[in-house]
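Since the structure comes first, as structure tokens, the remarks are kept for the end.
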């Protein structure tokens, strides 16, 4: 399915408000209703995330958070979100920003600072990780248009992904509703399945950069550029195979722990992104960086988005797991 033509009306996404309008355009046309992870159509979900990423990575950041929230609400069998609502999923927990909740009947009183809340100024609801009186992690849904919610302009100084407005939000007695029980956010199968979905977003950005090189080579048969294009094709093919196989594995075993699968897929796609950025830049030189607005925005945004990876920390965890695995792991 193609993205709506009126998304071009928001071309440039100069600020968070324009980005929010583009997200609402997708939501209004039902294009946020993706197949759920493990539903038998996980690859279609990944493909739509990659498609939006190729259009604009900043829009994809908000779109992925919104669609992730819808999937979490469905997986934890929570009440359906209000019609027309637009969501952010905010789970980052640096030591300096830890949100607490206190139970008051069926409601939760939310207090504290939440960091890196993408799109906080333009979404209607946030799905927030917090900690209860017994120091257990609890997911809570919070309506943003209420007293006790302060969307700051603090905590986000990025150049790439700037328009996502991933600022700090301060909660001071705002009311929320528990989504699932304590610990459910991390223990559910969809947590790591969603982690593979983020890799699909990275892939979509790299794919769009590669298209610029492919179009150049279709018009200019320069040997060095063609060699770079061959390297890009090889890298993207590897990552695409991994994402397709990951989607199939998730659909075959939707209740399985997908931690290992997610670590492998994310590492592969991250490496591919790095390869594509390097080869495309060396092949095309300064021209598209300076004269192609879409390319320049993607090349600025993609390295920031990929830093959702924990790099060597994730690789070390995977390596520790592999070191204790039986021999023959890599046989065909």
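Coordinate-derived values only; no laboratory data. No experiment lies behind these values; they were computed from the predicted model shown. Please note: Cβ atoms are built from the backbone with ideal geometry, for glycine as well, and neighbour counts cover all protein chains shown.
Starting with the highest mean, order 118-129, 150-161, 56-67, 36-47 by the number of other Cβ atoms within 10 Å, averaged over the residues of each peptide.
Result, highest mean Cβ count within 10 Å first: 56-67, 118-129, 36-47, 150-161.
Compute the helix-to-body angle for 190-219: its Cα long axis versus the longest principal axis of the chain, expressed 0 to 90° and rounded to tens.
Its long axis makes an angle of about 30 degrees.
Hey, what's the Kirkwood Rh for the chain if you take every pair of different alpha carbons, in angstrom? Intermediate results must be reported in sequence, preceding the final value.
Values: mean 1/r = 0.0481 Å⁻¹.
With all distinct Cα pairs of the chain included, I get 20.8 Å.
Add -39500 (n - 2.57) for each DSSP H run of 4 or more in the chain, then divide by its residues: what number comes out at 222 nm, to the nearest 500 deg cm²/dmol?
Result for the chain: -17000 deg cm²/dmol, rounded to the nearest 500.
Provide, in order from the shortest bin, the percent of all Cα-Cα pairs of region 87-181 in each 10 Å bin, continuing until the bin that contains the maximum pair distance.
Histogramming region 87-181 at 10 Å steps yields 18, 55, 23, 4, 0 percent.
Between residue 252 and residue 215, what FRET efficiency comes out of the Förster formula 1/(1 + (r/R0)^6) with R0 = 35 Å and r the beta carbon distance, rounded to 0.05? Numbers along the way, then the final one.
Working: r = 37 Å, r/R0 = 1.06.
For R0 = 35 Å, the calculated efficiency reads 0.40.
Could you give the angle, 0 to 90 degrees to the nearest 10, between helix 57-75's Cα long axis and the longest principal axis of the Cα atoms of the chain?
The answer is roughly 50 degrees.
What whole number of Å gives the distance from the Cα centroid of region 146-221 to the Cα centroid of region 122-141?
17 Å
Measuring from a point 7 Å past the Cα of residue 100 along Cα-to-C-beta, which residues in region 108-127 have an amide N at less than 12 Å?
Once the point is set 7 Å along Cα→Cβ of residue 100, 110-113 turn out to lie under 12 Å by backbone N, inside region 108-127.
Roughly speaking, what is the centre-to-centre gap between region 257-332 and region 53-84 when only Cα atoms are used, to the nearest Å?
The two parts, judged by their Cα centres, are 23 Å apart.
What are the semi-axes of the equivalent ellipsoid for region 244-314, taken as the square roots of 5 times the Cα gyration tensor eigenvalues, largest first, in whole Å?
31, 13, 11
For the peptides 85-94, 237-246, 322-331, what is the packing order when you average, over each peptide's residues, the other Cβ atoms within 10 Å and list the highest mean first?
Descending packing order for the listed peptides: 85-94, 237-246, 322-331.
Once the Cα atoms of helix 259-284 and of the chain are each reduced to a long axis, what angle between those two axes, in degrees from 0 to 90 to the nearest 10, is obtained?
Around 40 degrees separate the two axes.
For the ranges 172-183, 96-107, 198-209, what's the packing order if you count other beta-carbon atoms within 10 Å of each residue, average per peptide, and put the highest first?
Listed from highest to lowest mean packing, they are 198-209, 172-183, 96-107.
Just subtract the alpha-carbon distance of residue 310 and residue 83 from 0.36 nm times their residue separation and send over the number in nm, one decimal. Mind showing how you got there, number by number?
On the way: separation 227, 0.36 × 227 = 81.72 nm, distance 3.53 nm.
That pair, residue 310 and residue 83, stretches by 78.2 nm at full extension.
Kirkwood-based Rg over Rh for region 58-135 (C-alpha set), two decimals?
Numbers: Rg = 13.1 Å, Rh = 13.5 Å.
Radius of gyration over Kirkwood radius for region 58-135 works out to 0.97.
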